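Taken together, the values in this text are just the output of simple stated rules run on the coordinates, not laboratory data. Predicted, not measured: the structure shown is a model, and the values here were computed from it. Cβ: placed from backbone, ideal geometry, glycine included. Neighbour counts: every protein chain shown.
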Amino acid sequence: MTRLPLEGITVVGLEQAVAAPFATRQLADLGARVIKVERPGPGDFARGYDESVHGQSSYFVWLNRSKESLTLDIKTPGGREVLEKLLGEADVFVQNLAPGAARRLGLGAQDLAGRHPSLIVCDISGYGNTGPWSDRKAYDLLVQCETGVVSLTGSPEEPAKVGISIADIAAGMYAYSGILTALYERRVTGRARAVEISLFEALSEWMGSPAYYTAYSGTQPARVGAQHATIAPYGPYEASDGRTVLLAIQNEREWTSFCAVFLDDAALATDERFRRGSSRVARREELNAIVAARFAELTAADAVKLLDEAKVANARLNSVAEFWEHPVLAGRDRWRDVDTPGGPVRALLPPATISGLSPRMDPVPAVGEHTDDVLRGLGYDEPAISALRADGAV
């Protein structure tokens, strides 16, 4: 089997919930050894979010394949000794503990730089390790609210959160890319640089377009449900058979073709009411009525056929179950089986396909499954391991 790019890299994750586990799982996908440090007993509290996947949490199964689980109480002397030994042999340390907890435990980036100068430390927090909100708790929905995402999402009558944990996912992605950058920098220069990520700043980056639009136009994009706030027509329409089809007009060429082929009214393309993109947005309701009337004459299949003929991008409004069975995922062989403590599950390959490499897709660990193996690897014999257990350190 071809060697994976991060084989030989050891990552210690003092991690919980979503953001840090997402970052470290992607490192594991590329071959890194990821040792996940969990609380003795229940482990990562994300294990208890739900019991939907063979009695296990859907979040945990998604985020923690290919890792080793080590239970450790880092507030005990024995637990701290084990962690220090681990960090002495590791390349990367990732933590997303409660605000300020790592610094209070002497596990901040500056503290660790003195003890482990070659260690790359990645801190993930809600609002940053410094600044006026450094001690404030942050969860995904709270960050969606603070960054203004929720004010943009939903219907005109009611705001709504995004249905997936986008603040956590954004932070996990930037942590992943930041760690890869730091590993490259260390390889080139020999210097281990710390990486700091906050959920707030990660999602702030994703707010770029509406932030610029609001700051320079003086008007915030409106909440328009599944439609596009600043482009029209762009959104869902119901066909005569009750199926919903979404279409997206991106430019004037597509608008002209849409009018001629789909609406069967070429003259509408140059109608002064709809001649420019901003005009179509300003007259969205009037335009939507025209488009909806045409959809009401067509089945979803016929509508898609005409949209394809007009070279206008379109999609079905799928349920999650329909996504799970999507023909693109099956046709591109994106599914693999991964073992979990409750039984095998289907898992998607990582999105980045690297020529000639097959990502690591190893089991999801049970709580503390690898504790003894990790401790033996650090030089602990059986009496020492038993003593750690007796003290509650592991």
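Work the Kirkwood hydrodynamic radius out for region 184-340: mean of 1/r over every pair of different alpha-carbon atoms, inverted, in Å. Mind dumping the intermediate values first?
Values: mean 1/r = 0.0527 Å⁻¹.
When all Cα pairs of region 184-340 are included, the Kirkwood radius is 19.0 Å.
Note on the chain: with a GNM built from Cα contacts shorter than 10 Å, the maximum mean-square fluctuation among Tyr212, Tyr234, Tyr174 falls on Tyr212. Each of Trp255, Trp324 was scored by other Cβ atoms within 10 Å of its Cβ. Arranged with the fewest first, they read Trp324, Trp255. Give the calculated FRET efficiency between Arg389 and Thr219 to the nearest 0.05, with a Förster radius of 45 Å applied to their Cβ-Cβ distance. For R0 = 45 Å, the calculated efficiency reads 0.15.
Each part reduced to its alpha carbon centroid, region 206-238 and region 286-359 end up 24 Å apart. When Phe274, Phe22 are arranged by Cβ crowding within 10 Å, least crowded first, meaning fewest neighbours, the order is Phe274, Phe22.
Springs join every pair of Cα atoms under 10 Å in this Gaussian network model of the chain, and among Gly218, Gly343, Gly108 the largest mean-square fluctuation is at Gly218. Mind scanning Lys36/Lys137; Lys67/Lys161; Lys36/Lys85 and naming the pairs with a C-alpha gap bigger than 24 Å? Too far apart for the 24 Å limit: Lys67/Lys161. 3J(HN,Hα) along region 380-392: 7, 8, 4, x, 5, 5, 4, 5, 4, 5, 4, 7, x Hz, from the Karplus curve 6.51 cos²θ - 1.76 cosθ + 1.60 with θ = phi - 60°, whole Hz, x for Gly and Pro.
The phi-based Karplus calculation (6.51 cos²θ - 1.76 cosθ + 1.60; θ = phi - 60°) puts the 3J(HN,Hα) values of region 138-146 at 9, 10, 3, 4, 4, 6, 4, 6, 5 Hz, whole numbers, x for Gly and Pro. Counting other Cβ atoms within 10 Å as a rough exposure proxy, the listed residues Asp168, Asp50 run Asp50, Asp168 from fewest neighbours to most. Mean sequence separation of contacting Cα pairs (under 8 Å, at least six apart), scaled by the length of the chain, corresponds to a relative contact order of 20 percent.
When the chain is treated as a Gaussian network with alpha carbon springs shorter than 10 Å, the biggest mean-square fluctuation among Pro40, Pro156, Pro350 belongs to Pro156. Listed by chain and number, the aspartates and glutamates placed with their C-alpha closer than 18 angstrom to that of Lys311 are Glu252, Glu254, Asp264, Asp265, Asp302; residues fewer than eight positions away on the same chain are left out. Candidates Ser257, Ser279, Val245 compared by Cα position along the dipole of region 234-316: farthest toward the positive end lies Ser279, with charges placed on Cβ. Placing dummy labels 7 Å off each Cα toward the beta-carbon, the span from Arg191 to Ser52 is 4.5 nm.
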